[in-house]
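Structure, as structure tokens:
The numbers here are math on the coordinates, done by the rules we state, and not lab data. If you're wondering where the values come from, they're calculated on a predicted model, not measured in any experiment. Cβ: placed from backbone, ideal geometry, glycine included. Neighbour counts: every protein chain shown.
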Amino acid sequence: MGVTDIADEILRFAEETRDAAAEILFEPRLRLGVTGLSRAGKTVFITSLIANLRERGRLTQLSAEADGRFQAVTIQPHPDRETPRFDYETHLASLSGANPVWPESTRRISQIRLSLKFQSNKMLSSFTGPGVLHLDIVDYPGEWLLDLALLDLSYADWSAKALAKADKRSEQSAPWQDLITARETDAEFDESVAKPLAAAFTDYLNACRVAGMSGLAPGRFLMPGDLEGSPALTFCLLPPGRDPLHSEFEKRFEAYKRSIVKPFFRDHFATLDRQVVLVDLMTALNDGLAAVADLGGALSEILEAFRPGQNSWLS
Ligand SMILES: Nc1nc2c(ncn2[C@@H]2O[C@H](COP(=O)(O)OP(=O)(O)OP(=O)(O)O)[C@@H](O)[C@H]2O)c(=O)[nH]1
Ligand SMILES: [Mg+2]
């Protein structure tokens, strides 16, 4: 699906919504999520979509453009002032400057609101004037979707599942597993023990990612956003036990789900009307069969989030 198809879909939505509500004063809003694993091309895609919508005449295949009904596209301040704004202007400048460079990597959620002014093609609308559709585009890391599976798991269940995986990935997990084996299980909880364990666990997840593996939750360990270095991310899974470190890590795991994962799904993910998932197929093809198979695995995990019937909390 190309940029024109997506823009067409957006305008069709606007017309349908507007026709249904032509007689009342109502400005429809469409929230379009754009996600994908790191480096999938989210920032470039969103910048291109906005530039194409704003450059009148670029999307000649749009029916509204061909009929001259597409009147204006403006960037508006978003009513949600807490979520960072997608930095369209900077990204466009890097892509289209005299010495074009790819945009910098983005590490957190951002959004932007476009207001599309158009004349509906229904006769009636000529009496009601042009319509406006607010298009919110939300850019967020696909890694965060992997956390949905954690919501239905207790700390013990998650630990058991993830430990079985770590055992199979001994090349990457050995330094962290050695730390776990070496710790004193009857010692009082000590932050200076927790920190290196969490850091070694994060290194293990990152090493798996570099090796092209998927299924690397918690997603914020790989893509922390604003939480880099935060105590909310200072935990890791542990083999069964009842020591003080164990009970503190269990509390932090529950807090991670409650204060990080749930708000993201509730406030951002669940409010999306349409979703684009980008996949960097070329890099995987270049890296060979194993990388393609692994990309397939990662994608099915991400797409789990779009089958809410399978997750009791989201449904
Ligand atoms: N040839 C080509 N390369 C692209 C295109 N889009 C993205 N890329 C390449 O993919 C890289 C990542 O693109 P981004 O748009 O920054 O990807 P992202 O998903 O926003 O990445 P993060 O912000 O790091 O998660 C770019 O630096 C380019 O090297 C494209 O349309 N064509
Ligand atoms: Mg980006």
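Using only the alpha-carbon atoms, how far is helix 170-182 inclined from the longest principal axis of the chain? Give it as 0 to 90 degrees, nearest 10.
The angle comes out at about 50 degrees.
Quick one: work out the % antiparallel among DSSP beta bridges in the chain, nearest 5.
The antiparallel fraction comes to roughly 55 percent.
Among Val34, Val132, which comes first, second and so on when ranked by fewest other beta-carbon atoms within 10 Å?
Neighbour counts put them in this order, fewest first: Val132, Val34.
What 222 nm value per residue comes from the helices of the chain, counting each DSSP H run with n ≥ 4 as -39,500 (n - 2.57) and dividing by all residues, nearest 500 deg cm²/dmol?
That comes out to -13500 deg cm²/dmol.
How much length would be gained if the chain were fully extended between Phe189 and Glu104, taking 0.36 nm per residue of separation minus their Cα-Cα distance, in nm to one decimal?
26.6 nm
Between Ser38 and Arg81, what FRET efficiency comes out of the Förster formula 1/(1 + (r/R0)^6) with R0 = 25 Å and r the beta carbon distance, rounded to 0.05?
Values: r = 27 Å, r/R0 = 1.07.
Rounded to the nearest 0.05, the efficiency is 0.40.
From zero up to wherever the largest Cα-Cα distance of the stretch 187-295 sits, split into 10 Å bins and tell me the percent of pairs in each.
All Cα pairs, binned at 10 Å, distribute as 12, 34, 31, 18, 4, 0 percent.
With contacts defined as alpha carbon pairs under 8 Å and 6 or more residues apart, what's the relative contact order of the chain in percent? Mind showing how you got there, number by number?
Working: 407 pairs, mean separation 73.4, N = 315.
So the answer I get is 23 percent.
How do Leu30, Leu53 rank when sorted from fewest to most other Cβ atoms within 10 Å of their own Cβ?
Lowest to highest Cβ neighbour count: Leu30, Leu53.
Kirkwood hydrodynamic radius, the chain, all distinct C-alpha pairs: what's the number in Å?
21.9
Under a 10 Å cutoff between Cα atoms, tell me which one of Glu304, Glu104, Glu250 has the largest fluctuation in the Gaussian network model of the chain.
The residue with the greatest mean-square fluctuation here is Glu104.
For the pair Leu151 and Glu55, what calculated FRET efficiency results from E = 1/(1 + (r/R0)^6), where r is the Cβ-Cβ distance and R0 = 41 Å, to the nearest 0.05?
It comes out at approximately 0.45.
List Met282, Met213 from most exposed to least, where exposure is judged by having the fewest other Cβ atoms within 10 Å.
Met282, Met213
For the chain, modelled as a GNM with alpha-carbon contacts under 10 angstrom, which of Ser38, Ser259, Ser110 fluctuates the most?
Ser259
Taking the Cα centre as origin and putting +1 on Lys and Arg beta-carbons and -1 on Asp and Glu beta-carbons, what dipole magnitude results for the chain, to the nearest 20 debye?
The calculation lands at about 680 debye.
Over the stretch 192-236, what portion of Cα pair distances is larger than 15 Å, expressed as a whole percent?
38
Testing the spin-label approximation: label points 7 Å from Cα along Cα→Cβ at Ala291 and Glu254. State their distance in nm.
Using points 7 Å along Cα→Cβ, the separation is 4.3 nm.
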